[in-house]
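Notes for the one structure printed next.
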Amino acid sequence: MRSIVWMAALSLAAWGGAAAAQAPPAPTAGLGGDWQGDVKIRKDSLPIVIHLGTAVTGDSPAERIFGEPGKLEQAGDRYKVTLQSGGEFEGALTKEGRLQGTYTKGDLTVPLVLEKTTAPKP
């Protein structure tokens, strides 16, 4: 009976440790929150919202896409957000507090500036 209790306790401890190790990292200091910008393609403008928190997600309100899973990577002062659909923002934080860089999806690569918002605009 004791061996069964010990094995159960060890299994729970190992499972709990593995779950803690897989928890997503918090975003880099000051980066957490909602970031919004417009992808401009000729005369059209497509709003993009990136949510950086314990989970990284993206929205494209005009396309009715919300909560698309993604990931955040950092290399030096550069940040890269990759969304599950293949959309990718890569840029750096400016002195003015904006994320400035490029948005790429498929063959499209365009400049994109994201501003931190308190609530995403509709």
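Quick look at the values:
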{"read-out": "Any hit, segment 51-71, residues being touching a strand residue (DSSP E or B) at 6+ places or on another chain (Cβ under 6 Å), aliphatic (A, V, I, L, M) and touching a residue at least 40 places away in the same chain (Cβ under 8 Å)", "value": "no"}
{"read-out": "Residue satisfying all of: in segment 50-104; of a type in the set (Ser, Thr, Tyr) and surrounded by fewer than 16 Cβ atoms within 10 Å (Cβ to Cβ); modelled with the highest pLDDT among these", "value": "Thr102"}
{"read-out": "Strands (runs of 3 or more DSSP E) contained entirely in segment 38-122, each with at least 3 residues that are in contact with a helix residue (DSSP H, G or I) (Cβ under 8 Å, 6 or more places away or on another chain)", "value": "44-52"}
{"read-out": "Residue satisfying all of: in segment 35-49; without any contact (Cβ under 8 Å) to a residue 60 or more places away in the chain and not charged (D, E, K, R); most open to solvent (accessible area, probe 1.4 Å) among these", "value": "Ser45"}
{"read-out": "Positions within segment 32-85 being farther than 18 Å from Arg98 by Cβ and among the polar types (S, T, N, Q), in sequence order", "value": "Thr54, Thr57, Ser60, Thr82, Gln84, Ser85"}
{"read-out": "Within segment 89-122, tally of residues that are acidic (Asp, Glu) and under 17 Å from Ser45 (Cα atoms)", "value": "1"}
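The values are calculated or read from the model by the stated rules, or taken from the named source; none is laboratory data. Because the structure is predicted, anything quoted here is derived from the model rather than measured. Virtual Cβ from ideal backbone geometry, glycine too; neighbours counted across all protein chains shown. Protein only, heavy atoms only, side chains kept; ligands, DNA and RNA dropped before computing areas. Shrake-Rupley method; radii C 1.70, N 1.55, O 1.52, S 1.80 Å.
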